[in-house]
Amino acid sequence: MYRTTTRTAAQPANFKAASALDTKVARSGNGILDRLDPTDLRTLLSRSERVELRSGDTIARPGEDVPFVDFPVGAVVSHFQILKDGKTAEIAMTGREGALGIQAAFRPGVSKEFSEVLVGGEAIRIDAAFLRNAADRMSGCRSAFFDYFNENLDRISRRVICNNYHSVEERLCLWLMLVRDRCGIDSLPFTQEQVSFFLGVHRPSVTLAMQELRKAGVVAYSRGTVHVKEPAAMIERACSCYSSLSVKDLASPGTDGRTNGNGRMPVKVA
Ligand SMILES: [Zn+2]
């Protein structure tokens, strides 16, 4: 199976199919879906459901089928590879600007990497076969999916350059701001161990960089949480990749699509 049972069982008590909620609205809260014209958007939402992605869940592994595509509206997901010696490298991050498994909207296939939920929140889930049919019938859908697919390739290319040439502190600032942009919250639920895993660097290097940021007053951290205190200063300290990888121009997700990081919903969505 592509998704863990935890994920599919994570629908909150107030879960409703999106078709019962959103078919009359012009926006979904997801960047790809909101590129569509209202008729196409309503068609897709009529066959969708809102699901909750829980922080820490692994939702895809290499070689697993991709039976549906999730369009996050509050959740943030990391995509990474694990080498045989245990080293890791994050290659991409997806939030409300994108989709998980968008390649399945073009043809049936399997996941190429691990995907883990960084920040819990909602996503709009649509059956992959239905999306393929929609892409065949509706040129606007096909263009939106294809544009995002290409944009994502550009972002992955940029991450490769970033991982090779930019300092740990620059990458730490970049990574925290990329997550913050996608979920819209300043208090990010990460330990330094988790940050080092996703940056693919040794924990002591992250600790040193975090200490420098704290001395400068741009972040604070307590057990399991990194607080971004000065976003503008963080962007200044981040590498130049920020302008290529940011999604700051998207509308704020507000609270509708976001959980508190533990999968519990702070507000009702219905
Ligand atoms: Zn960089």
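Assorted remarks:
- Net lengthening on full extension, Val160/Ser205 (0.36 nm per residue, minus Cα-Cα): 14.3 nm
- Three-way shape call for segment 167-245 based on the alpha-carbon gyration tensor, with the a/c threshold at 1.5: rounded
- Ratio of the Cα radius of gyration of segment 5-162 to 2.2 N^0.38 Å, where N counts its residues: 1.01
- Over segment 160-240, Cα pairs under 8 Å with separation of 6+ residues give a relative contact order of 40 percent.
- Listing His79, His166, His202 from fewest to most neighbouring C-beta atoms within 10 Å gives His202, His166, His79.
- Rounded to the nearest 0.05, the FRET efficiency derived from the C-beta distance between Val247 and Asp85 at R0 = 45 Å is 0.85.
- Between segment 29-53 and segment 99-136, the alpha-carbon center distance in angstrom: 13
- Extended-chain gain in nm, criterion 0.36 nm per residue less alpha-carbon gap, Arg223 and Phe106: 37.9 nm
Read-outs throughout are calculated quantities, based only on the coordinates presented, and are distinct from any laboratory measurement. If you're wondering where the values come from, they're calculated on a predicted model, not measured in any experiment. Backbone-built Cβ (ideal geometry, glycine too); neighbour counts: all protein chains shown.
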